[in-house]
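The values are calculated or read from the model by the stated rules, or taken from the named source; none is laboratory data. Model, not experiment: these values are computed from the prediction. For neighbour counting, all protein chains shown are included, and Cβ atoms are generated from backbone atoms with ideal geometry for every residue, glycine included.
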Amino acid sequence: MNLTSFFANKCFAYLLKCDSDRENGNYHTFQQRTSSKNSSSHITFSPPWSVSTDLFETLCNGCGDCVSHCENNILILKKNGCPGVDFAKGACSFCGACAKNCPTGALRYGPEVSPWGLRAFITSKCLMKNRVLCSICVEQCDKEAIILAKVIHKDKSPEILAAECDGCGACFEACPADAIAFEDNKQKVNTNR
């Protein structure tokens, strides 16, 4: 990732937000606006290789074995005692350690089984939609599932190739505008702040 680009876009995002806040009469500190990125309130989906939602909540006993074995430290125990993925902490490498160490069968690892149906999408908060050049999500995606149009038009955000996106979350934490969210097959998952 280009560090200069990252910091420049953070500054642009801050300035855009400040202008918007002044126009709307809202005055908040930068720390207050970004603190939600570190909260776990946006976690609404289960770890990779989870069985169906109803069965998962029945089988999971909240032991935390999956959380302690997560190599990327992105799993947390939610208020209901079940584990959840927190992409604000990083991306999933799909190592399978969480599922391989689940004693209850709530997570069922299989190399031939897709870990989940999560796919990223870009919301209207995208800096590109606000005429600020940004390619941080593109730079973060190892799968090359996020692309920029060859000719950049105003109000045009990067495109996520759904067939290529594995829902790893690498783009989520890096996005300076909090413009990445996820959908799980047909249901939108509220992971944007």
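List of remarks:
- If you go through segment 163-182 and pick out every residue that is over 18 Å from residue 129 (Cα atoms) and modelled with pLDDT of 90 or more, you end up with 9.
- Taken over segment 100-121, the criterion of being under 20 Å from the mean Cα position of the chain (by Cα), among the hydrophobic types (A, V, I, L, M, F, W, C) and not in a strand (DSSP E or B) is satisfied by 116 alone.
- Against the test of being exposed (fewer than 13 other Cβ atoms within 10 Å of the Cβ), at pLDDT below 95 and more than 23 Å from residue 110 (Cα to Cα), the options 58, 29 yield a single qualifying residue, 29.
- Candidates are the residues of segment 132-162 that are crowded, with 18+ Cβ neighbours inside 10 Å and out of contact with any Pro (no Cβ under 9 Å at 6 or more places or on another chain); the one that is modelled with the lowest pLDDT is 157.
- Residue that is surrounded by the fewest Cβ atoms within 10 Å (Cβ to Cβ), among those in segment 94-131 that are within 18 Å of residue 165 (Cβ to Cβ) and either in contact with a Gly (Cβ under 7 Å, 6 or more places away or on another chain) or among the hydroxyl-bearing types (Ser, Thr, Tyr) (or both): 114
- Residue match in segment 114-133 (condition: β-branched (Val, Ile, Thr) and not assigned by TED's automatic domain parsing to the domain that holds residue 182): no
- Residues of segment 79-97 that are over 12 Å from the mean Cα position of the chain (by Cα) and either closer than 14 Å to residue 168 by Cβ or assigned to a loop (DSSP other than H, G, I, E, B) (or both): 79, 80, 81, 82, 93, 94, 95, 96.
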